[in-house]
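S.K.: Below you'll find the structure I mean.
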Amino acid sequence: QVQLVESGGGLVQAGGSLRLSCAASGRTFSRSTMGWFRQIPGQERAFVAAITWSGAITYYAVSVKGRFTISRDNAKNTVYLQMNSLKPEDTALYYCATHNSGDVALVAAYNYWGQGTQVTVSS
């Protein structure tokens with residue numbers, strides 16, 4: 001069993017930055033690819049970024065590439081999402097998740113999810 005707790009969300013003006021954290025419990029964290037997704041009410045959960053267990057390979061949605069950076073600290077069982085140059089369209093509930101199998105950009109590929117942290121970007 002893995003438990004994930006996101007933090008770091010908040011209200012920020014357009015052009016600002018936030019760093020999200022996802023603290024994980026469970027022995028499998030250091031061996032798992034981790035992902036960040038976001039969801040706007042009424043819409044499907046959308047892929048944001050993912051990082052392999054070693055941190056050597058990262059993946060990004062086109063909409064955030066060059067602005068967001070995913071990283072991890074396996075010693076702290078934590079994965080991060082640094083978000084720069086934020087835009088109002090980045091407003092969403094952000095979730096971290098543990099990858100199980102399959103395409104890292106698909107919700108169905110993940111088996112454990114946190115409760116989410118809200119990010120609101122004002123114009």
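S.K.: If R0 is 30 Å, what FRET efficiency do you get for ALA61 and GLN1 from their C-beta distance, rounded to 0.05?
M.R.: Plugging the Cβ-Cβ distance into 1/(1 + (r/R0)^6) gives 0.60.
S.K.: Now for a separate question. Using R₀ = 41 Å, calculate the FRET efficiency as 1/(1 + (r/R₀)^6) where r is the Cβ-Cβ separation of ASN111 and GLN13; round to 0.05. Walk me through the numbers before you get to the answer.
M.R.: Working: r = 36 Å, r/R0 = 0.87.
Calculated transfer efficiency: 0.70.
S.K.: Here is a further query. Need the C-alpha centroid separation for the range 98-123 versus the range 17-55, integer Å.
M.R.: So the two Cα centres are separated by 5 Å.
S.K.: Something else now. In debye, nearest 20: dipole of the chain around its Cα centre with unit charges on the Cβ of K, R (+) and D, E (-)?
M.R.: Values: 10 positive and 6 negative charges, 51 e Å.
In total the dipole reaches around 240 debye.
S.K.: Given a cut-off of under 8 Å on Cα pairs at least six residues apart, what relative contact order in percent is computed for the range 40-123?
M.R.: Values: 115 pairs, mean separation 21.6, N = 84.
Value for the range 40-123: 26 percent.
Read-outs throughout are calculated quantities, based only on the coordinates presented, and are distinct from any laboratory measurement. Remember, predicted model here, so these are calculated numbers, not experimental data. Here the Cβ is made from the backbone with ideal geometry for all residues, glycine too, and neighbour counts use every protein chain on show.
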